[in-house]
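Below: the structure, in structure tokens.
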Amino acid sequence: MSQATMNLSRTRHTLAPWARIAGLTVCALLTLGPVIWTVSTSLRTPAESFDLPPKIIPTNPTTEAYSGVFDQIDVWLLALNSTLVTALIAVGQMITAGLAGYAFARLEFRFKKPLFGLVLATMMVPLQVTIVPVFLVLKSMGLTDTLLGLIIPAFPTAFGTFLMRQYFLGMPKDLGEAAMLDGCGPWRTFRSVYAPLATPGLAIVGVLAFNYHWNEFFRPLILETSGQNYTLPLGLVSLQGNLGTGSISVVLAGVVLSMIPAVAVFVIGQRPLREGITSAGVNR
Amino acid sequence: MTNTQIQAVRPQPAAPAPVAPKPSARDRGSRLLAALFLAPTIVGIVVFTVVPIAGSIVLSLFHWNVIDDPSFAGAANYREVFGDSTVLVSFRNTLVFMVFAVALQLLIALVLALAVNGRMPVWLRSVFRSAFFFPLVLSAASISVVMKYLFNQDFGVVNWLLGLVGIAPVPWLTSENGAMTAVVLVYVWQQFGFSFLLFVGGLNNIPKEIHEAASLDGATGLRKHLTVTLPLLSPTLLVASVVGIINALQVFEQPYVLTNGGPGDSTRTVVMVIYENAFEQLRFGEASAVGVLLFVLIMAVTALQFRLSRRFVHYQ
């Protein structure tokens, strides 16, 4: 059997396969359409930006709009802020979730169940319900309108902890027992046996954190009041406000610029991202 | 029987490990390690979630504008909130939004997951999967900026496309129903990939023998999906709808950027009201009261779902 037929799926539909694939193609085009339109319009001249029917390939492609973005907002500063915030949160979450997930999966201590219950329960608490007191806590720490104020509260991750616990639970127990017999203490067992095996799980936590916080809007909107602390999504929305010149190419060029890292994560981290989301539904 | 005795003696749930009379050095080491490993997460959750929940409840009983000292208000904030037509409308909008957004999102995701699960070459399947998942990685705020142009009444691509099939231009962002529809569509466009991935995972977990048995019994097409696939997928459907509803009740970016709550209050959502009360008008007490009500609503809807699900969810 050829590779293609081996991988044919299990379900048999009454719908002719070609009709199903045609339908899926239309849906995929509708899904990607807005993104394709954004990229192509960002490469048009302002005069052509509203052309209908929209020309997917611009007649006079120009990067004029991109230089417009750099003139209007400090893209480098925004990108630097976003990168700092996102990278530190991702690394921080990998550490906190890795440690806590391991403790819940493999260590024995009192109040394990109620503590794990507490972690799971916080997954249900909407950010907006706690934002006013969190704002006040950060204010009392002098962290409002700082990047640190965005970073520190994002370190603990209930979902990441849950994910890492499942991950460590999936590893064979014998490994740790063998290490213990060889005289490893609890720390050595973690450090030299389990932690190295957890890298793929940690990658899932990191990629999910990167994706979520790179695009985060609500917390930065509330916490960052001065322009020098803005992250990219905030800068973009303000770009739109400042314009009003009728040229949408510049706004869309800004959107494209901010998409680049998200798309990079999509390409590199697609698999961990997908697995992270899928496991939310399956690992119960 | 010993189990129940132990539980009777100790009111707190006992640690699963048998309690040794003298903890060995290794056990103590492991407990110390657990404390160190858990500290960042637990301290963080207590400081940034548990204390703030309590804080929100307390704050909802006070009038406070940051500048003057807080003054005790009792239930006044709640009375005010219930008498405030904007707040009431925002709850109504959020519920309407939730119903349409979640229903549409689950329906689209389910149909596409079933279709992608059908016969096709592997490479094509992964192209479709990536395409449907792609909007999830984009920022809701910046994509809403884009959508504002696509939904423009006069020069937007959406109306141009509708024009091709003979539908008159729709005043998407300037009429009440149009604005809500646009907000729902933009939200669903970005979010359905999440449910889609859950469903694809859930469908892959259904043993294929079950479908073969159903086919042998003469079940085909839609009927097979309704009687065999859906019940087997019901645990995944529950997760998708719980997560979908919790997320939808917190919608903010799309209405904030697309319509800023308008026209009138037609797309103002609960979270927008919290934001405006707290950070634009400095009415922290009222904002907290709305927050507490939203929290209660989310808890109630989620509890209701789990209760209803007992009848509909089948675990293998």
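Based on what the data block shows, is A:Ala203 surrounded by fewer than 21 Cβ atoms within 10 Å (Cβ to Cβ) and either free of Cβ contacts under 8 Å to residues at least 24 places away in the same chain or more than 26 Å from B:Phe284 (Cα to Cα) (or both)? Write out each step before concluding.
On the way: surrounded by fewer than 21 Cβ atoms within 10 Å (Cβ to Cβ): yes; either free of Cβ contacts under 8 Å to residues at least 24 places away in the same chain or more than 26 Å from B:Phe284 (Cα to Cα) (or both): yes.
In short, yes.
Grab the helices (runs of 4 or more DSSP H) fully contained in the range A:173-283, keeping just those with 2 or more residues being small (Gly, Ala, Ser). I'd like the intermediate steps shown before the answer.
Working: elements: A:173-181, A:199-214, A:218-223, A:232-243, A:248-282.
In the range A:173-283, the matching helices (runs of 4 or more DSSP H) lie at A:173-181, A:199-214, A:232-243, A:248-282.
Can you pull out every residue in the range A:33-47 that is open to solvent by 50 Å² or more (accessible area, probe 1.4 Å) and in a helix (DSSP H, G or I)?
Taking the range A:33-47 and keeping what is open to solvent by 50 Å² or more (accessible area, probe 1.4 Å), we get A:36, A:39, A:43, A:46-47.
Hits for the range A:33-47 are A:Ile36, A:Val39, A:Pro46, A:Ala47.
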Only one of (1) without any contact (Cβ under 8 Å) to a residue 12 or more places away in the chain; (2) hydroxyl-bearing (Ser, Thr, Tyr); (3) open to solvent by less than 40 Å² (accessible area, probe 1.4 Å) does not apply to A:Ser249, and that is (1)
Filter the range B:69-81 for residues that are open to solvent by 60 Å² or more (accessible area, probe 1.4 Å) and out of contact with any helix residue (DSSP H, G or I) (no Cβ under 7 Å at 6 or more places or on another chain); the one that is farthest from the other protein chains (Cβ to nearest Cβ) is B:Arg79
With the first residue restricted to the range B:48-64 and required to be at the interface with chain A (Cβ under 8 Å from one of its Cβ atoms), and the second required to be assigned to a loop (DSSP other than H, G, I, E, B), Cβ contacts under 6 Å at 6 or more apart or on different chains are B:Thr49/A:Val125
Note on the range A:128-172: residues in a loop (DSSP other than H, G, I, E, B) and facing chain B (nearest Cβ under 9 Å) are A:Phe155, A:Pro156, A:Thr157
Restricting attention to the range A:120-140, the residues that are free of Cβ contacts under 8 Å to residues at least 60 places away in the same chain and closer than 19 Å to B:Asn65 by Cα number exactly 9
(message) Taking the criterion of being out of contact with any Asp or Glu (no Cβ under 6 Å at 6 or more places or on another chain), aliphatic (A, V, I, L, M) and open to solvent by less than 20 Å² (accessible area, probe 1.4 Å), would at least one residue in the range A:183-197 satisfy it?
(response) no
Q.
So, A:Ile260, is that one hydrophobic (A, V, I, L, M, F, W, C), open to solvent by 40 Å² or more (accessible area, probe 1.4 Å) and modelled with pLDDT of 85 or more or not?
A. yes
Picked from the range B:294-312 (must be in contact with a Leu (Cβ under 9 Å, 6 or more places away or on another chain) and aromatic (Phe, Trp, Tyr)), the residue modelled with the lowest pLDDT is B:Phe312
- Message: Condition first: without any contact (Cβ under 8 Å) to a residue 40 or more places away in the chain and hydrophobic (A, V, I, L, M, F, W, C). Can you find one or more residues in the range B:200-210 that meet it?
- Response: yes
Original post:
Residues in the range A:106-123: is at least one in a helix (DSSP H, G or I), open to solvent by less than 60 Å² (accessible area, probe 1.4 Å) and farther than 30 Å from B:Arg28 by Cα?
Top reply: no
Per the filter on the range B:150-177, residues surrounded by fewer than 19 Cβ atoms within 10 Å (Cβ to Cβ) and assigned to a helix (DSSP H, G or I) are B:Trp160, B:Leu161, B:Leu162, B:Gly163, B:Leu164, B:Glu176, B:Asn177
Residue set B:Val183, B:Val251, B:Val146, B:Val158; condition modelled with pLDDT of 90 or more and away from chain A (no Cβ under 11 Å); output residue B:Val183
Flagged in the range B:119-137 as in contact (Cβ under 8 Å) with a residue 24 or more places away in the chain and crowded, with 23+ Cβ neighbours inside 10 Å, in numbering order, are B:Phe132
The condition from (1) within 26 Å of the chain's Cα centre (by Cα); (2) more than 9 Å from chain A (Cβ to nearest Cβ); (3) closer than 30 Å to A:Phe50 by Cα that B:Val87 misses is numbered (3)
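Given B:Val66, B:Val102, which one is open to solvent by less than 20 Å² (accessible area, probe 1.4 Å) and either farther than 30 Å from B:Leu237 by Cα or out of contact with any strand residue (DSSP E or B) (no Cβ under 9 Å at 6 or more places or on another chain) (or both)? Full working, then the answer.
Working: B:Val66 fails: open to solvent by less than 20 Å² (accessible area, probe 1.4 Å).
Criteria check complete, one pass: B:Val102.
Regarding B:Phe279, is this residue at the interface with chain A (Cβ under 7 Å from one of its Cβ atoms) and either part of a helix (DSSP H, G or I) or of a type outside the set (Gly, Ala, Ser) (or both)? It would help to see each step written out before you state the result.
Values: at the interface with chain A (Cβ under 7 Å from one of its Cβ atoms): yes; either part of a helix (DSSP H, G or I) or of a type outside the set (Gly, Ala, Ser) (or both): yes.
Spelling it out, B:Phe279 is indeed at the interface with chain A (Cβ under 7 Å from one of its Cβ atoms) and either part of a helix (DSSP H, G or I) or of a type outside the set (Gly, Ala, Ser) (or both).
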If we keep only residues of the range A:222-235 that are at pLDDT below 90 and under 18 Å from the mean Cα position of the chain (by Cα), then the residue nearest to the other protein chains (Cβ to nearest Cβ) is A:Pro233
Quick count over the range B:140-151, residues being farther than 13 Å from B:Leu185 by Cα and either touching a residue at least 24 places away in the same chain (Cβ under 8 Å) or not polar (S, T, N, Q) (or both), is 4
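Looking at the range A:188-195, can you tell me whether even one residue there is out of contact with any helix residue (DSSP H, G or I) (no Cβ under 8 Å at 6 or more places or on another chain) and under 20 Å from B:Leu33 (Cα atoms)?
Taking the range A:188-195 and keeping what is out of contact with any helix residue (DSSP H, G or I) (no Cβ under 8 Å at 6 or more places or on another chain), we get A:191.
Retained after the next criterion (residues that are under 20 Å from B:Leu33 (Cα atoms)): A:191.
Yes - at least one qualifying residue is present in the range A:188-195.
The values are calculated or read from the model by the stated rules, or taken from the named source; none is laboratory data. In this text the structure is predicted, and so the values were computed from the model without any measurement. We place every Cβ from the backbone using ideal geometry, glycine too, and count neighbours over all the protein chains shown. Protein only, heavy atoms only, side chains kept; ligands, DNA and RNA dropped before computing areas. Shrake-Rupley method; radii C 1.70, N 1.55, O 1.52, S 1.80 Å.
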